[in-house]
Amino acid sequence: MSQQRLGYLYGIGAYSLWGFMPLYIKLLRPTGPVEVLAHRVVWSVAVLAVVLIAVRGWRPLWQLVRRPATLGGVAAAAGILAVNWGTYIYGVNTDRVVETALGYFINPLVVVLLGVGVLNERLRAAQWTAVGIGGVAVVVLTVNYGRIPYIALTLALTFATYGLLKKRLGLPAAQGLFVEAAVLALPALGHLGWLVWRSEATFAAISPGHTALLVAAGLVTAIPLLFFAGATNRIPLTGMGMLQYITPTLQLGCGVLIFREPMPPARLAGFALIWLALTVFTIDGIRHARAQGRTGSLPVTRERTRRTRVMPQPATVAARY
């Protein structure tokens, strides 16, 4: 089997596991969202520590400790990740799986907007068209819901911001997530201890199977992460950009087909506009990548960089869920 084919298998595996994540979170009821988040943080630290020991991946961690500025960035990324995970768990537990899927559908459009606002990127005309269609879709969905789809927008904004921070930090996937989870471990343990003290903890209080599911939160986080790392090392960015839509598509299927969440015509129209925007966005990204491949690499000067800088097709960050 070629390395590229293996990479695509890894990518499909990672995005499929993330896509079926609502099924796992639903099994954790009646555990509340914050307790689920705390367990995910704590058991992720344990699993990733074992992984790093197995692959002897501790050296980058010692180098990181000597860089206080980078540690500050990691702490900020950890806080944003906690908001993203917590919002996602809350959305699933409150029967809003369809809205969580919407958040990850519109995430690429939020990424390009961050590129414009934060990195001073210049968008191509097709990218602006995609963003405009996405904006209309959000208005349509707001009217349909009778409120702003705050879960979807929070997921999209936090994940896009997290991706921006991760790109600037440039940490390896497993080591980066380990440090982020370790930053959150102390408050997570504090919350779990508080629940035990108040006799409100569900861990070891419902059934052995439920306890095992909570412990499995570490594996549920680590396995798709490792698959994702294997994919990004083997296939091009455009390939990852295409695969990233597997996750929200599966989430949408879980919400509508398994959990029977409503999908009235107006909401379906809003999703159709999102899919149209993503189609425009993806086709433009593929054409741009092919055009760059035909022209080849040219010497980059300061003037050329300033005049031609555009926002690329976004890659999905390893620790999405």
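The values are calculated or read from the model by the stated rules, or taken from the named source; none is laboratory data. The model shown is predicted, which means the values in this text are computed figures rather than measured ones. So basically every Cβ, Gly included, is an ideal-geometry build from the backbone, and we count neighbours across all protein chains shown.
Here segment 37-78 is the region considered, the condition is being over 30 Å from Thr202 (Cα atoms) and of a type in the set (Phe, Trp, Tyr), and the residue that is surrounded by the fewest Cβ atoms within 10 Å (Cβ to Cβ) is Trp62.
Could you please find all residues in segment 7-45 being under 25 Å from Thr249 (Cβ atoms) and among the small types (Gly, Ala, Ser)? The answer is Gly7, Gly11, Gly13, Ala14, Ser16, Gly19. Listed by position, the helices (runs of 4 or more DSSP H) inside segment 181-268 whose residues that are modelled with pLDDT of 90 or more number at least 1 are 208-215, 217-232, 246-253.
Any chance segment 50-72 includes a residue that's under 17 Å from the mean Cα position of the chain (by Cα) and not small (Gly, Ala, Ser)? Looking for residues that are under 17 Å from the mean Cα position of the chain (by Cα) and not small (Gly, Ala, Ser), one finds none in segment 50-72, hence no. Cβ-Cβ contacts under 6 Å between residues 6 or more apart (or on different chains), taken from a first residue in segment 175-190 that is closer than 13 Å to Ala38 by Cβ and touching a residue at least 12 places away in the same chain (Cβ under 8 Å) to a second residue that is among the hydroxyl-bearing types (Ser, Thr, Tyr) and part of a helix (DSSP H, G or I), are listed as Ala181/Ser44. Just one of the listed residues (Leu81, Leu123) is in contact with a strand residue (DSSP E or B) (Cβ under 7 Å, 6 or more places away or on another chain) and either of a type outside the set (Asp, Glu) or surrounded by 21 or more Cβ atoms within 10 Å (Cβ to Cβ) (or both), and it is Leu123. Applying the set (1) within 14 Å of the chain's Cα centre (by Cα); (2) closer than 17 Å to Ala160 by Cα to Ile89 leaves exactly one unmet item: (2).
Only one entry in Val140, Val112 is hydrophobic (A, V, I, L, M, F, W, C), surrounded by fewer than 23 Cβ atoms within 10 Å (Cβ to Cβ) and assigned to a helix (DSSP H, G or I), namely Val140.
Filtering segment 1-36 to residues that are surrounded by fewer than 17 Cβ atoms within 10 Å (Cβ to Cβ), more than 18 Å from the chain's Cα centre (by Cα) and among the hydroxyl-bearing types (Ser, Thr, Tyr) leaves only Ser2.
Leu64 passes every criterion in (1) part of a helix (DSSP H, G or I); (2) at pLDDT 85 or above apart from (2). Taken over segment 145-180, the criterion of being modelled with pLDDT of 90 or more, surrounded by fewer than 18 Cβ atoms within 10 Å (Cβ to Cβ) and not in a loop (DSSP other than H, G, I, E, B) is satisfied by Tyr150 alone. Taking each residue of segment 243-268 that is closer than 23 Å to Arg5 by Cα and looking for partners that are β-branched (Val, Ile, Thr) and buried (at least 16 other Cβ atoms within 10 Å of the Cβ) with beta-carbon atoms closer than 6 Å, six or more apart or interchain, yields Gln244/Thr316.
In segment 90-101 there is at least one residue matching the filter, namely being free of Cβ contacts under 8 Å to residues at least 24 places away in the same chain and either part of a helix (DSSP H, G or I) or out of contact with any His (no Cβ under 6 Å at 6 or more places or on another chain) (or both).
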